[in-house]
Amino acid sequence: ARGGLLLLASALFVFLTLPLAMLFVRSFEDRSGTFVGVANFLRYVQSPALAQSTWNTLTFATLTTALVVPMAFLFAYAIQRTCIPAKGLWRSIALLPILAPSLLAAISFIYLFGNQGVLKALLPLIGLKAIYGLPGMVLAMAFSTFPHAVMILLASLSLADARLYEAADAMGTTAWRRFMTVTLPAAKYGLVSAAMVTFTMAVSEFGVPKVIGGNYPVLAIDIYKQVIGQQNFQMGAVVSLVLLVPAVLAFAIDSPVQRRQKALVGARS
């Protein structure tokens, strides 16, 4: 067991820590490898295009999270707390997209609602002129991240303390008040965790913006353009570190939330 843990730690160091360290070093160098301090970061801040990409990325991730989490909660609630038939079938359908890459979701929306899409005529009914750009990115990313949010919320709802429901029933609490005062507080940590996972996946996504994003730039696309298009590894490293900040913040929020979620099922809950 110790050997396995040592092997795993070594793999994490080689494939995660070293690349991040190289990104950090490259972000403070120029093309010739000379140390330039924070000059690259100042160039990034002063560049209108890169700054716009940061705002676009946060907008894309926020809209995706706002769309996915409520839908995933309603779906998970229906599976866990209602008497709908064929729950196993519905669960399997919801988790099926987790087996497909995010590129497939973007491509499928293009085939359905693109310029030559079979369902293009339905776009005006939902207030859209075209599927390309931010609307298509949000819909495709929502399709891709929905299974992850559903799994988290299914686990969260299944861990609710049944004693609280028994006490509410004994006191004659209405169904709506029981939902607001027992169900939602018990699931709030799961909701936060699902939101953080969805937000992080959307922030770091490359395939969906590349396929269906059109002319809507995001940070992941900018990294590709800087490194592959312009061979500017230094600025690509700067954008990568900027892209890492939202993910680190989401992880920092999610870690204590998971610990509190586990505390709900303890004897002192």
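Residue under question is residue 108, and the condition is that it be crowded, with 22+ Cβ neighbours inside 10 Å and of a type in the set (Ser, Thr, Tyr); does it hold?
In short, no.
What are the pairs with Cβ atoms under 6 angstrom where one residue, in segment 97-108, is farther than 14 Å from residue 137 by Cβ and at pLDDT below 90 and the other, located anywhere, is open to solvent by less than 40 Å² (accessible area, probe 1.4 Å) and not aliphatic (A, V, I, L, M)? Sequence gap at least six, or different chains.
As it stands, the answer is 97/147; 98/147, since those pairs meet every condition given.
Could you tell me how many of the residues in segment 99-126 are in a helix (DSSP H, G or I) and under 17 Å from residue 209 (Cβ atoms)?
Total meeting the criteria: 10.
Restricting attention to segment 1-56, and to residues there that are polar (S, T, N, Q) and open to solvent by 60 Å² or more (accessible area, probe 1.4 Å), which single residue is nearest to residue 232 (Cα to Cα)?
The qualifying residue nearest to residue 232 (Cα to Cα) is 32.
Yes or no: segment 140-161 includes at least one residue that is assigned to a helix (DSSP H, G or I), open to solvent by 40 Å² or more (accessible area, probe 1.4 Å), touching a residue at least 24 places away in the same chain (Cβ under 8 Å) and in contact with a Phe, Trp or Tyr (Cβ under 8 Å, 6 or more places away or on another chain).
Scanning segment 140-161 turns up at least one residue that is assigned to a helix (DSSP H, G or I), open to solvent by 40 Å² or more (accessible area, probe 1.4 Å), touching a residue at least 24 places away in the same chain (Cβ under 8 Å) and in contact with a Phe, Trp or Tyr (Cβ under 8 Å, 6 or more places away or on another chain).
Within segment 127-139, can you find the residues that are in a loop (DSSP other than H, G, I, E, B) and either open to solvent by 30 Å² or more (accessible area, probe 1.4 Å) or farther than 19 Å from residue 59 by Cβ (or both)?
Residues satisfying the conditions are 127, 128, 129, 130, 132.
Could you look through segment 198-235, keep only residues that are among the small types (Gly, Ala, Ser) and at pLDDT 85 or above, and pick out the one that is surrounded by the fewest Cβ atoms within 10 Å (Cβ to Cβ)?
The extreme case among them is 204.
The values are calculated or read from the model by the stated rules, or taken from the named source; none is laboratory data. Quick caveat: nothing in here was measured; it's all calculated off a predicted structure. Neighbour counts are summed over all protein chains in view; Cβ atoms, including those assigned to glycine, are modelled from backbone coordinates with ideal geometry. Please note that ligands, DNA and RNA were not included when accessible areas were found on the heavy atoms of the full protein model with its side chains. Shrake-Rupley method; radii C 1.70, N 1.55, O 1.52, S 1.80 Å.
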